[in-house]
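The values are calculated or read from the model by the stated rules, or taken from the named source; none is laboratory data. Since we're looking at a predicted model, the values are computed, not measured. All Cβ positions, even for glycine, are placed from backbone atoms using ideal geometry, and neighbour counts span all protein chains on display. The accessibility values were calculated without ligands, DNA or RNA, using every heavy atom of the protein model including side chains. Shrake-Rupley method; radii C 1.70, N 1.55, O 1.52, S 1.80 Å.
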Amino acid sequence: MAVGAGFLAQTGIFGNSSASTEEDDTEYINTGSHDYESYAVAQWPAYIVLPAQYDSTRFAAATAAYLKPADGALVQKTTVIWTFEDAARYAWMREWLDADTRSDRPAAARAADMLTEAASWPATVRADGGGVVDHFSDVARAARDGDRATVQDDALRYADDDQAILEQAR
C-alpha cells in the first residue's frame, strides 16, 4: 500500500488509540527509507511561516535530516510535523533575539506575533501532554513584553542541531 502511495517511507501502519493507551493515530514513517527526506519535505505544512531569510524546502530538508538517525527509525507523522514546528519556533526566537539586539521594533513585533501563533500550531497542540502550549505561550508573551532573558533562556535549551538546521536552510 505504501509503495502505491509513492513513498516507501510510508509504512501503512497507523497508531490505534482505540486499542491501546496510544493517543496518536497518524501513520508510522520509516526514517530509514531512501525516500524519507523527500517524503518529509512533501509534508511541510503551509501554515508554518518562516522568517524571510529561510527557504521552506531547504528548511524542511534540513529538519528531516535531523530527525533521521543513522540506521533509521519509525516515527509517527505527527513527530515529523512537530519537528518542523519546533525548528521553525526556534527560527522565530532567533529572529526576535536578533531584532531585539538591533532595536528593530517592527521586526521584533513580527517575530513575537509569529511566536504567539506558533504556540498553537496543530502538532504542538496535539502532542501537548500538559504544559507545552502554556510554556510556548509564556515565551511568546515574554517576546511581546521585551523580556530578552526569558526568550534567550528558552532559545538556549534548544540543541545545537536546531542552530545547524538554521544554517543549512539559508
Original post:
Hey, does region 102-111 have a residue that's touching a helix residue (DSSP H, G or I) at 6+ places or on another chain (Cβ under 9 Å) and of a type in the set (S, T, N, Q)?
Top reply: no
Subject >> Selection count, region 25-69, where residues are over 15 Å from Thr83 (Cα atoms) and either of a type in the set (D, E, K, R) or in a helix (DSSP H, G or I) (or both) >> reply: 5
**OP:** Answer yes if at least one residue in region 41-51 is over 16 Å from the mean Cα position of the chain (by Cα), of a type in the set (S, T, N, Q) and more than 24 Å from Gly131 (Cα to Cα), and no otherwise.
**Re:** no
Subject >> Checking Val75 against (1) assigned to a strand (DSSP E or B); (2) open to solvent by 50 Å² or more (accessible area, probe 1.4 Å), the condition it does not meet >> reply: (2)
Original post:
Within region 1-58, which residues are β-branched (Val, Ile, Thr) and either modelled with pLDDT of 85 or more or open to solvent by less than 70 Å² (accessible area, probe 1.4 Å) (or both)?
Top reply: Thr11, Thr26, Ile29, Thr31, Val41, Ile48, Val49, Thr57
Original post:
How many residues are more than 15 Å from the chain's Cα centre (by Cα) and crowded, with 22+ Cβ neighbours inside 10 Å if we restrict to region 81-125?
Top reply: 5
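Can you pull out the residues in region 126-162 that are among the polar types (S, T, N, Q) and open to solvent by less than 60 Å² (accessible area, probe 1.4 Å)?
To start, the set of residues in region 126-162 that are among the polar types (S, T, N, Q) comprises 137, 150, 152.
Within region 126-162, Ser137, Thr150 meet the criteria.
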